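The values are calculated or read from the model by the stated rules, or taken from the named source; none is laboratory data. None of the values given here were measured: they were computed from a predicted structure. Here the Cβ positions follow ideal geometry from the backbone for every residue, glycine too, while neighbour counts run over all protein chains shown.
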Amino acid sequence: MVFRVSWACPRDAAVDRSTGRAGVTRIFVVRHGQSVGNVARVWTSARAGFPLTDLGHDQARGVGWWLADSGASALYASPLLRAQQTAADIGEVLGLAVTTLEGVEEMHVGVHEGAHDDTIGPIALDVFGRWWRDGDLSARFDGGETGQEIASRMRASLEKVVAEHPGETVVVVSHGGVMAVALTEMSGNLDAEFVSQHILANCETVSVIFDDGTWLCESWAGIAR
């Protein structure tokens, strides 16, 4: 998936990173660092995919240092190469091993896999418009996932993390497209208009908490919610 690829150190350092309440789990969901595919403007959810660029590795280490005082106890990543490499760089800084987490990988765009942004971009505008403008999560890319399927799999994966780490702080490395669709659907205080106006750059971070069965977004790319 192609979004902005510029340097994007997280900007929500002022956010209180301790939940302060027993049983409340916080997850920092991080978009992966810049990949070769981002630079080439290629859409792919292939597991091998494209590696990080040198800038992508720098971004990943930067977000690792930003998370150094977060108290994170576990680190997860999508199975896609760019997410695994981002998590490995973060893990080096935090002293945490990376666990692969199925279900948080990038959205599957079906017949458009491997397409250039010039080709798939107009199609994506239509699909995202149906998801966000019309609230129609049954829409899909030809041969790909529906919005509801994307949101359901990510919710299930993050709730597995919550079950494994109740009351803890966890880092999950994921992807811009799936984060935009799923976290909007999951979080009661996020709306499509806001998210569409604040598309995540590489290594920007969303802080969400799970409290008494409810997901809430604390901050999105440095903007408190």
A139 passes all but one of the listed conditions (1) at pLDDT below 95; (2) under 22 Å from H32 (Cα atoms); the exception is number (2)
So which of G91, G64, G103 ends up being at positive phi and either at pLDDT 95 or above or in contact with a Lys or Arg (Cβ under 6 Å, 6 or more places away or on another chain) (or both)? G103
Go through segment 36-90 and give me each residue that's among the β-branched types (V, I, T), surrounded by fewer than 19 Cβ atoms within 10 Å (Cβ to Cβ) and farther than 18 Å from E105 by Cα. V39
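Under the condition of being of a type in the set (D, E, K, R) and surrounded by fewer than 20 Cβ atoms within 10 Å (Cβ to Cβ), which residue from segment 101-113 is nearest to I27 (Cα to Cα)? Walk me through it before giving the result.
Kept after step one, since they are of a type in the set (D, E, K, R), are these residues of segment 101-113: 102, 105-106, 113.
Retained after the next criterion (residues that are surrounded by fewer than 20 Cβ atoms within 10 Å (Cβ to Cβ)): 102, 113.
Working: E102: 16, E113: 29 Å.
Only one residue tops the list, namely E102.
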Test result for T214, of a type in the set (S, T, N, Q) and under 30 Å from L55 (Cα atoms): no
Can you name the residue in segment 147-195 that is surrounded by fewer than 17 Cβ atoms within 10 Å (Cβ to Cβ) and among the aliphatic types (A, V, I, L, M) and, of all such residues, is nearest to the chain's Cα centre (by Cα)? A156
Return the pair list, or none, for Cβ contacts closer than 7 Å from residues in segment 92-110 that are in contact (Cβ under 8 Å) with a residue 12 or more places away in the chain and aliphatic (A, V, I, L, M) to residues that are exposed (fewer than 15 other Cβ atoms within 10 Å of the Cβ) and assigned to a loop (DSSP other than H, G, I, E, B), at least 6 apart or on different chains. V93/A68; L94/A68
Would you confirm, using the coordinates I've provided, whether A83 is modelled with pLDDT of 85 or more and either over 16 Å from F28 (Cα atoms) or of a type in the set (K, R) (or both)? no
Taking helices (runs of 4 or more DSSP H) that fall entirely within segment 126-225, which contain at least 3 residues that are in contact (Cβ under 8 Å) with a residue 60 or more places away in the chain, of a type outside the set (S, T, N, Q) and touching a helix residue (DSSP H, G or I) at 6+ places or on another chain (Cβ under 9 Å)? 176-186, 192-197
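Please pick out the residue among V39, V29, V63, V109 that is touching a Phe, Trp or Tyr at 6+ places or on another chain (Cβ under 6 Å) and β-branched (V, I, T). Write out each step before concluding.
Numbers: V39 fails: touching a Phe, Trp or Tyr at 6+ places or on another chain (Cβ under 6 Å); V29 fails: touching a Phe, Trp or Tyr at 6+ places or on another chain (Cβ under 6 Å); V63 fails: touching a Phe, Trp or Tyr at 6+ places or on another chain (Cβ under 6 Å).
None of the others qualify; the one that does is V109.
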Can you work out which of the residues in segment 114-146 that are within 20 Å of the chain's Cα centre (by Cα) and β-branched (V, I, T) is surrounded by the fewest Cβ atoms within 10 Å (Cβ to Cβ)? T146
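Per-residue answers, yes or no, for (1) farther than 12 Å from V172 by Cα; (2) assigned to a loop (DSSP other than H, G, I, E, B):
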site: G23; (1), (2): yes, yes
site: V30; (1), (2): no, no
site: T44; (1), (2): yes, yes
site: G49; (1), (2): yes, yes
site: G56; (1), (2): yes, no
site: A60; (1), (2): yes, no
site: S70; (1), (2): yes, yes
site: L75; (1), (2): no, no
site: A83; (1), (2): no, no
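Do we have any residue at all in segment 46-66 that's over 18 Å from Q34 (Cβ atoms) and in contact (Cβ under 8 Å) with a residue 60 or more places away in the chain? I'd like the intermediate steps shown before the answer.
Within segment 46-66, the subset over 18 Å from Q34 (Cβ atoms) is 47.
If we keep only those that are in contact (Cβ under 8 Å) with a residue 60 or more places away in the chain as well, we get none.
Looking through segment 46-66, none of the residues is over 18 Å from Q34 (Cβ atoms) and in contact (Cβ under 8 Å) with a residue 60 or more places away in the chain.
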